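**Student:** Sending over a structure as structure tokens; questions will come in a sec.
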Amino acid sequence: MATMKYPRSFLVIVSVLNLVRVSFSSVVSTGNFNKDFFVMWSPDHVNTSADGRTRSMVLDQESGAGFSSNDMFLFGQIDMKIKLISGHSAGTVVAFYLTSDQPNRDEIDFEFLGNVSGQPYILQTNVYADGFDNREERIYLWFDPTQDFHSYSILWNLHQIVFFVDSIPIRTYRNHADKGVAFPRWQPMGVKATLWNGDSWATRGGHDKIDWSKGPFVASFGDYKMDACVWKGNPRFCRAESPTNWWNNEDFSSLTSTQRRWFKWVRRYHMIYDYCQDNARFQDSLPKECSLPKY
């Protein structure tokens, strides 16, 4: 029987389609906020489009708001498009994060700290592992996040945590558990988003308070994807390397060469605070991970 030879272009197309199939096989979100999330508090401050594809939260003097995923996850990638509060937003905090909600909780945070009109938005990231945090990093975003939706993503696997903004890696936190560094690897986490009053600390260390005459303050969310392992009580299934658990495969164990160039660009031109550079805070005894590779 003759062997059929396919042109290279056909093989490339098939390869791409297979990658798409593998990736989509693990997508557990419907794209409908009403089906995948529940409102944690102040439902009257949460507005969802008729088709469930977009959702906004409102902060006023009465309350903020928050919503959470119905499922818990152990590893995967979570993407959320967010349009931040426009105008004078000093004192407000918009958060998008994963959390285990345990006393010794694990947590992976994006926190957007409101600004005085004309000043850049600050994005703060943080990682809790076994109940301990103090791992804040801050950057100025290189665009106006109030004019349009931008994508914010968390890749969490056995090897590393990567924070992305519009697919650009802005931060990594590697699994150095073998060297005594805590890493979120056992506790399943839910996906949450909140909008709240943080004017005791959020803008210039609490110097700039919320100006309620500028409110109500609105943050919008949409076009999300949860491509992750749903927690069913047995970590073995989520920790395994498999086509479905693509995030645990070797290809995602570190940044690619292109991602490393973008990572260095962000840290060189946009970083304004790195806990690993704050010797005064840690009394010249920086956390162990600060001396270990980032990728």
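**Student:** For the range 215-249, give me each residue that is part of a helix (DSSP H, G or I) and buried (at least 19 other Cβ atoms within 10 Å of the Cβ).
**Tutor:** C238, W246, W247, N248
**Student:** So which residues in the range 183-214 are closer than 25 Å to S69 by Cα, part of a loop (DSSP other than H, G, I, E, B) and open to solvent by 30 Å² or more (accessible area, probe 1.4 Å)? Talk me through it step by step, then tell me what you get.
**Tutor:** First, the residues of the range 183-214 that are closer than 25 Å to S69 by Cα: 183-198.
So of that shortlist, the ones also part of a loop (DSSP other than H, G, I, E, B) come out as 183-188, 198.
Those that are closer than 25 Å to S69 by Cα, part of a loop (DSSP other than H, G, I, E, B) and open to solvent by 30 Å² or more (accessible area, probe 1.4 Å): R185, W186.
**Student:** Now a separate question. Taking the range 122-148 as the region of interest, how many residues are surrounded by fewer than 17 Cβ atoms within 10 Å (Cβ to Cβ), in contact (Cβ under 8 Å) with a residue 24 or more places away in the chain and of a type in the set (A, V, I, L, M, F, W, C)?
**Tutor:** Residues meeting the conditions: 2.
**Student:** Mind checking which residues of the range 149-182 are of a type outside the set (A, V, I, L, M, F, W, C), farther than 21 Å from N245 by Cα and buried (at least 22 other Cβ atoms within 10 Å of the Cβ)?
**Tutor:** Residue satisfying the conditions is R171 alone.
**Student:** Next up: Hey, which of the strands (runs of 3 or more DSSP E) in the range 43-108, taking only ones fully inside, have at least 2 residues that are under 19 Å from the mean Cα position of the chain (by Cα)?
**Tutor:** 54-59, 65-69, 73-83, 92-99
**Student:** If you take the residues of the range 250-259 that are touching a residue at least 24 places away in the same chain (Cβ under 8 Å) and open to solvent by less than 70 Å² (accessible area, probe 1.4 Å), which of them is farthest from W186 (Cα to Cα)? Steps first, please.
**Tutor:** At the first step, the residues of the range 250-259 found to be touching a residue at least 24 places away in the same chain (Cβ under 8 Å) are 252-255, 259.
Going one step further and asking which of them are open to solvent by less than 70 Å² (accessible area, probe 1.4 Å), we end up with 253-255, 259.
Details: S253: 18, S254: 20, L255: 23, Q259: 27 Å.
Result: Q259.
**Student:** So which residues in the range 51-63 are under 18 Å from K214 (Cβ atoms) and either open to solvent by 10 Å² or more (accessible area, probe 1.4 Å) or hydroxyl-bearing (S, T, Y) (or both)?
**Tutor:** Result: S56, V58, D60, Q61, E62, S63.
**Student:** Collect the residues in the range 64-91 that are open to solvent by less than 20 Å² (accessible area, probe 1.4 Å) and either touching a Pro at 6+ places or on another chain (Cβ under 8 Å) or over 15 Å from M226 (Cβ atoms) (or both), keeping them in residue-number order.
**Tutor:** Listed by number, the residues that qualify are G64, A65, G66, F73, L74, I82, L84, I85, S89, A90, G91.
**Student:** Shifting gears a bit: Could you list, in sequence order, the residues of the range 286-295 that are free of Cβ contacts under 8 Å to residues at least 60 places away in the same chain and open to solvent by less than 80 Å² (accessible area, probe 1.4 Å)?
**Tutor:** L286, C290
The values are calculated or read from the model by the stated rules, or taken from the named source; none is laboratory data. The model shown is predicted, which means the values in this text are computed figures rather than measured ones. All Cβ positions, glycine included, derive from the backbone under ideal geometry; neighbour counts span all protein chains shown. Just the protein is used for accessible areas: all its heavy atoms, side chains included, with ligands, DNA and RNA removed. Shrake-Rupley method; radii C 1.70, N 1.55, O 1.52, S 1.80 Å.
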